[in-house]
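Bear in mind that the values in this text are calculations on the coordinates, not laboratory data. For clarity, every value in this text was computed on a predicted model and none was experimentally measured. FYI the Cβ positions are ideal-geometry reconstructions off the backbone, even for glycines, and counts take in every protein chain you see.
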Amino acid sequence: MATEDVVLLDCWASPYCMRVKIALEEKGIKYEERAEDLFGGKSELLLTSNPVYAKVPVLLHKGKPLCESSIIVGYIEETWASPPLLPSCPYARSQAKFWVDYVDKKLFDAGGNIWRTKGEAQEVAIKDFIEVLKQLEKVLGDKDFFGGDSFGFVDIITIAITSWFLAFEKFGNFKVEDHTPKLSAWINRCMQRKTVAKVIPDPEKIYEFVINLKKMMGME
Amino acid sequence: MADEVVLLDFWPSPFGMRLRIALAEKGIEYEYKDEDLRNKSPLLLQMNPVHKKIPVLIHNGKPVCESLVALQYIDEVWNDKAPLLPSDSYLRAQARFWADFVDKKIYDIGRKLWTTKGEEYDAAKKDFLDCIGLLEGELGDKSFFGGETLGFVDVALIPFYSWFLVYEKSGNLSVEAEHPKFIAWVKRCMEKESVSKSLPEQEKVYDFAMLIRKKHGIE
C-alpha cells in the first residue's frame, strides 16, 4: 500500500496525535506525517478535512478524513485487523471503551489544570490529577497492560498523555511515582515497546513546549 | 439461559432515552428502574462506582456505563435485528464522530439555554442553532442519519427533542423557524414507536426543568 494512502495531519506535542501514530505503528502501517503549525496558521487541508473542530489529529485514508483521536484509533483497529487492539468479547470491549472514555474525559484536563494554576488552586488540581491516576492504577491491577497480557487500545490512549507527565510534575513539584508506583512501572513497560518509544517525544521537550505555551498565553 | 437486562435510568435523561430506544428497536425485554438522583440506590452506586450516573445497562448482572458505550454494546450483542452502526468501517467512524459531537455540544449548550440570561444566553442560542445547522448538513437528503432506518446518530440525538420545549420557551427560540429540515427529521423519528414510547412528554420535561430552576434559584 502506498504511503500516500495514509496521511496524518499532526502536531508533535499533541498526545492525541501520538495515539494515532502509535496505533499505526502497532499495525505496521506506513503513513505520511504532515506537521501543522497550530499557532502560525492552520493548513487549508486541515480546515477542509476537519471543518467542525479544525483540530489535529486528522487521518486521511485514501483522501477521506477521520477526526477525533479515539475514533481514529477505533477506525485503525477495524480497518487493519492485526494485531488486535481490542478484545473479541463484546463485554470486555465495552469495558475497554468505558476506560478510553474515562481517560479522554479526565486525564489530560486534570494535568492541564496543574500548569494552568498556582497556589491553592494548583494544590486542588494536583490532588484531582492523582485521584485519576489512582483510579487508573486500580483498573490496571496486577496486569502488565490495561489490555491484559497484550498492549491494547486503553494502553495506547493513555500512554500518549504520559509524555506530558514530566511537565505536570515540574510545574506542580510532585512525582507521579511517589503516588502511583504501579502505574509508573506500566509507563516504563510501555516505553520499552519500539512503537511507543518511536512516537513519544522527549518529555523535557514537552516541558519546554508548555513553558512557551504559557508565555504565548500570557500566563506567569 | 434467558437474558436478564436491567436499565438504571432517570425519566428526563436524554442519555437514558437513547438506551430505551435501542432496546425497543431490537425488541429486547428489560426491567426499567427509575432512580432518584438525590438519593441514589445502592445498586447504582455498585454498578457505576466511577461516575455514579445513569444510565447503566446491566446485562446478566454485568454493568455497562456511558450511553454511547452501552449503545455499541447493545448493537454488538443483539446483532440479529435493527443494526445501529453500518458495516463499513469509514461510515462507522463517521457515525461515532457525529454521536460524539452531540455528546460534546448539545447537552451543555442546551443546558445554558434554560439556566443563563443576557449575553451568555445569546451566545448559547447562536451556538445551539449552529450545531443544529451542522447536524442538518450531515443529514443531507437522507431520511435518517442511518440512511433509510434509525441509526447510531439518530438514537444519540433524538432524545434531546424532548427538551426542546425547555430550550425554546426559555428564550424565544424556534428551531423549526431556523432549521425546518431538522424538525422534519424529528417528526420522522417520532413516527417510530421505539422513539415515541421512549421519550417523555415535552410538557412534563418542561415542568421538571422549571422545578430545578426554581430549586437552584435560577430565574
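Put a dot 7 Å past each Cα toward the Cβ at B:Thr115 and A:Ala197; how far apart are the dots in nm? Going by the 7 Å Cα→Cβ label model, 4.8 nm.
Using the per-residue mean of other Cβ atoms lying within 10 Å as a proxy for protection, in what order, highest first, do the peptides A:10-16, B:115-121 fall? Could the numbers behind the result be given before it?
On the way: A:10-16: 19.6, B:115-121: 12.6.
Ranked by mean Cβ neighbours within 10 Å, highest first: A:10-16, B:115-121.
Please compare each pair in A:Lys55/A:Lys205; B:Lys33/B:Lys197; A:Lys175/B:Lys40 to a cut-off of 26 Å on the Cα-Cα distance and tell me which ones are over it. Distance filter (> 26 Å) returns A:Lys175/B:Lys40. Mean projected area of the convex hull spanned by the Cα atoms of segment B:141-219, taken over all viewing directions: 5.8 nm². For B:Lys126, the aspartates and glutamates whose Cα falls under 17 Å of its own Cα, not counting residues fewer than eight places away in the same chain, are B:Asp108, B:Glu136, B:Glu168, B:Glu176, B:Glu178.
Computed extension gain for A:Asn212 through A:Lys143, at 0.36 nm per residue and net of the alpha carbon distance, reaches 21.1 nm.
How big is the antiparallel share of DSSP beta bridges in the protein assembly as shown, given as a percent to the nearest 5? Antiparallel bridges: around 70 percent, rounded to the nearest 5.
Here the Gaussian network model covers chain B, with springs between Cα atoms less than 10 Å apart; of B:Arg38, B:Arg18, B:Arg96, B:Arg38 fluctuates the most. Taking every DSSP beta bridge that has both ends in segment A:1-143, the antiparallel portion is near 65%. Cβ-Cβ distance of A:Glu32 and A:Asp128, R₀ of 45 Å, FRET efficiency by 1/(1 + (r/R0)^6): the value works out to about 0.70. Counting only DSSP beta bridges with both residues in segment B:5-77, the antiparallel share comes to about 65 percent. For segment B:89-216, the gyration tensor built on C-alpha atoms gives a prolate shape. Its axis ratio a/c (a ≥ b ≥ c) is at least 1.5, and a/b is the larger of a/b and b/c.
If R0 is taken as 30 Å, the Cβ-Cβ distance between B:Ser174 and B:Lys33 corresponds to a FRET efficiency of 0.25.
Stretching B:His51 away from B:Lys187 to a fully extended chain increases their span by 45.6 nm, per 0.36 nm per residue minus the current alpha-carbon distance. Please list log₁₀ I(q)/I(0) at q = 0.19 Å⁻¹ for segment A:84-132, using the Debye equation with identical point scatterers on the alpha-carbon positions. Per q value, in the given order, log10 I(q)/I(0) is -0.63.
What is the gain in length, in nm to one decimal, between B:Glu148 and B:His216 on full extension, counting 0.36 nm per residue of separation less the C-alpha to C-alpha distance?
Values: separation 68, 0.36 × 68 = 24.48 nm, distance 4.29 nm.
Extra length from B:Glu148 to B:His216 when fully extended: 20.2 nm.
Note on B:67-80: average number of Cβ atoms from other chains within 10 Å of each residue's Cβ is 3.
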